[in-house]
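Participant: Attaching a single structure in structure tokens format; questions to follow.
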Amino acid sequence: MNHFEYGPEGLACEGVPLARIAAEVGTPVYVYSRATLERHFTVFRDALIAGGVVDPLVAYAVKANSNVAVLKVLGDLGAGADTVSEGEVRRALAAGIPAERIVFSGVGKVRREIAFALKAGVAEINVESEPELNLIAEVAASLGLRAKVAFRVNPDVAAGGHAKIATGKSENKFGVSFAEAARLYANASNNANLEPIGVACHIGSQITDLTPMRAAFSKMRGLVEQLLGEGLSVERLDLGGGLGVPYFNSPAPPSPAEFGAMVGEVTKGLPVKLAFEPGRVIAANAGVLVSEVIHVHERPEGRKFLVIDAAMNDLIRPAMYDAFHDIRPVTRRAKDQLGAETVYDVVGPVCETGDTFTRDRALPTFVSGDLVAFMSAGAYGSAMASEYNTRPLVPEVLVDGDRYAVIRARPTYDEMLARDLVPDWI
Ligand code: LLP
């Protein structure tokens with residue numbers, strides 16, 4: 001459930017019509033609902049607890065939507081943060097998320113990032129390979145610290161809607177193999193600068209079937225039992241993120257309740273604390289991208305292009321993963337015509353054919369100046385945006401009931417140009 005509903009002034013986010021935000025902040029603009037973020041986090045955590053998981057650490061995957069205001073909303077509810085760069089660790093800390101709730105993952109953490117995370121005192125550094133384990137040990141030794149590490153294990157299970165976001169097969173770059181996990185864990189236990197605290201897995205994103213998750217989690221349970229059986233200390237099992245959300249064209253994903261029940265069943269009686277790294281399921285349906293129709297360009301042979309002021313640099317998911325986003329009319333005029341009656345290709349102004357949000361989509365009839373909302377854009381939307389074509393980074397707005405605030409301003413052209421430096425020898 002989310003808080004984007006039609007009211008007297010068209011599509012609204014909680015108590016604020018999107019048309020008002022568009023008029024005051026301009027378009028394109030990302031709009032997030034605080035109530036939806038809070039609801040999604042609470043539903044996810046409560047579902048785990050209802051499934052029998054005691055005191056789970058829900059470390060929100062910062063990469064999905066990394067705005068500090070969004071992180072603060074979640075952190076204030078008790079969320080931890082799953083981070084993959086020094087920048088993300090800094091964002092989580094800036095949002096007031098305590099280091100003991102921060103997990104630092106990622107395949108290629110560099111020395112400087114590891115040192116930063118160790119000094120900040122993060123709860124868990126997820127190790128993705130043997131060379132990385134050695135680097136962490138070396139950095140910890142140089143700082144006179146002991147690094148709490150968890151081994152990310154590649155469970156060799158196929159999952160994830162799109163090849164570009166599947167991570168759990170052995171041919172993917174992520175994690176150590178099951179075969180080497182126990183040896184590395186034992187080695188780390190004998191290193192004065194390492195404190196292995198557990199194991200972790202993450203098999204993909206936008207997963208709409210619990211079967212591969214159950215398979216991976218069962219393998220992880222087996223590994224924990226093996227390590228415990230070998231007399232090693234295991235405090236934590238991190239089961240990653242990946243639960244899918246409805247994008248309205250895909251199979252309905254399992255509910256958090258079904259996920260929580262499955263996790264409870266698979267991990268029953270296991271004497272470790274569980275951690276999770278959900279991103280999309282918290283943020284995707286808590287945000288929309290609002291854009292204005294610039295032109296309706298009709299080709300003589302019949303194809304109609306809806307040219308809008310958002311582009312692939314603002315929301316790259318359709319270009320990158322052929323992702324489907326529901327497109328809804330925002331304005332009242334268009335709301336009267338919610339029926340799908342005109343077939344459009346919806347495109348942005350960037351000079352690439354890939355700058356196409358959808359082809360042959362039946363939508364209400366639009367005219368220039370109408371507003372459209374891309375639904376389910378709260379995750380991997382703004383976080384993946386760029387300034388390609390020197391288009392200013394799209395701003396972000398957070399709604400809370402009847403009020404809203406700009407939580408990231410659109411940069412001015414002066415600010416953008418000031419970042420370029422022309423050496424005096426040109
Ligand atoms: N943990 C790890 C280690 C991850 O790599 C990811 C996502 C997550 C947690 C969060 O997964 P989620 O719950 O959000 O599915 N840009 C793509 C998605 C990439 C996901 C990368 N890893 C998209 O727009 O669909």
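Laboratory data are not the source of any read-out in this text; all were calculated from the coordinates shown. This structure is a prediction, so every number in the text was calculated from the model and none was measured. When we count neighbours, we look across all protein chains shown, and the Cβ atoms used for this are built from the backbone with ideal geometry, even at glycine.
Participant: Using the Kirkwood radius over Cα pairs, work out the Stokes-Einstein diffusion coefficient for segment 1-90 at 37 °C and 0.692 mPa s, in µm²/s as a whole number.
Facilitator: Details: Rh = 14.9 Å.
Answer from the Stokes-Einstein relation: 221 µm²/s.
Participant: With just the Cα atoms defining each centre, how far is segment 339-397 from segment 78-146? Give it in Å.
Facilitator: 36 Å
Participant: Can you give me the Rg/Rh ratio for the chain, using Cα atoms for both radii and the Kirkwood formula for Rh?
Facilitator: Working: Rg = 22.8 Å, Rh = 22.7 Å.
Looking at the chain, the ratio lands at 1.01.
Participant: Of the residues V84, V281, V58, which exhibits the maximal mean-square fluctuation in a Gaussian network model of the chain defined by a 10 Å Cα contact cut-off?
Facilitator: Of the options given, V84 has the highest mean-square fluctuation.
Participant: About its Cα centre, what dipole magnitude does segment 175-313 give when the only charges are +1 on Lys and Arg Cβ and -1 on Asp and Glu Cβ, stated in debye to the nearest 20?
Facilitator: Numbers: 11 positive and 14 negative charges, 36 e Å.
My answer is approximately 180 debye.
Participant: Now a separate question. Using the Cα centre of segment 101-245 as the reference point, and only Cβ charges (+1 on K/R, -1 on D/E), how large is the resulting charge dipole? Debye, rounded to the nearest 20. Mind dumping the intermediate values first?
Facilitator: Details: 16 positive and 15 negative charges, 69 e Å.
So the magnitude is around 340 debye.
Participant: Nearest 20 debye, what's the magnitude of the dipole of the chain about its Cα centre given +1 on Lys and Arg Cβ and -1 on Asp and Glu Cβ? Don't jump to the answer; show the numbers that get you there.
Facilitator: Details: 42 positive and 52 negative charges, 97 e Å.
Around 460 debye, computed over the chain.
Participant: List the pair-distance distribution P(r) of segment 34-281, using every Cα-Cα distance, as the percent of pairs falling in each 10 Å bin from 0 up to the bin containing the longest distance, rounded to whole percents.
Facilitator: In order of increasing distance, the bins hold 8, 33, 39, 18, 2, 0 percent.
Participant: Moving on to the next point. Of K173/K273; K219/K268; K72/K109; K119/K148; K119/K273, which pairs sit farther than 19 Å apart, going by alpha carbon to alpha carbon?
Facilitator: Working: K173/K273 26 Å; K219/K268 14 Å; K72/K109 25 Å; K119/K148 12 Å; K119/K273 24 Å.
Result: K173/K273; K72/K109; K119/K273 exceed 19 Å.
Participant: Check cross-link reach from K304 to the aspartates and glutamates: straight Cα distance under 14 Å, and skip same-chain residues fewer than eight apart.
Facilitator: List returned: E341, D345, D360.
Participant: Using the alpha-carbon atoms, what tilt in degrees (0 to 90, nearest 10) does helix 130-143 show relative to the longest principal axis of the chain?
Facilitator: That works out to roughly 80 degrees.
Participant: Have a look at the DSSP beta bridges in the chain and tell me what percent are antiparallel, nearest 5. Intermediate results must be reported in sequence, preceding the final value.
Facilitator: Numbers: 33 of 68 bridges.
So the antiparallel bridges in the chain amount to around 50 percent.
Participant: So which residue, out of G231, G241, G87, gets the largest mean-square fluctuation from a GNM of the chain using Cα contacts under 10 Å as springs?
Facilitator: Maximum among the listed residues: G231.
Participant: Of all the stretches in the chain, which is the longest one without any exposed loop site, taking trypsin sites (Lys or Arg not before Pro) in a DSSP loop (any state but H, G, I, E, B) with at most 14 other Cβ atoms within 10 Å? Walk me through the intermediate numbers first.
Facilitator: On the way: sites that count: K173, K268, R303, R419.
Between the exposed loop sites, the longest stretch runs 1-172.
Participant: I would also like to ask the following. Using a Gaussian network for the chain with springs between C-alpha atoms less than 10 Å apart, which of these wobbles most: L143, L363, L274?
Facilitator: So, out of L143, L363, L274, the one fluctuating most is L143.
Participant: Hey, another quick one. Net charge near L57: determine it from the other residues with C-beta under 10 Å of the C-beta of L57, scoring Lys and Arg +1 and Asp and Glu -1.
Facilitator: Working: positive: R45, R101, R236, K273; negative: D55, D82, E100, E124, D238, E277.
Neighbourhood net charge equals -2.
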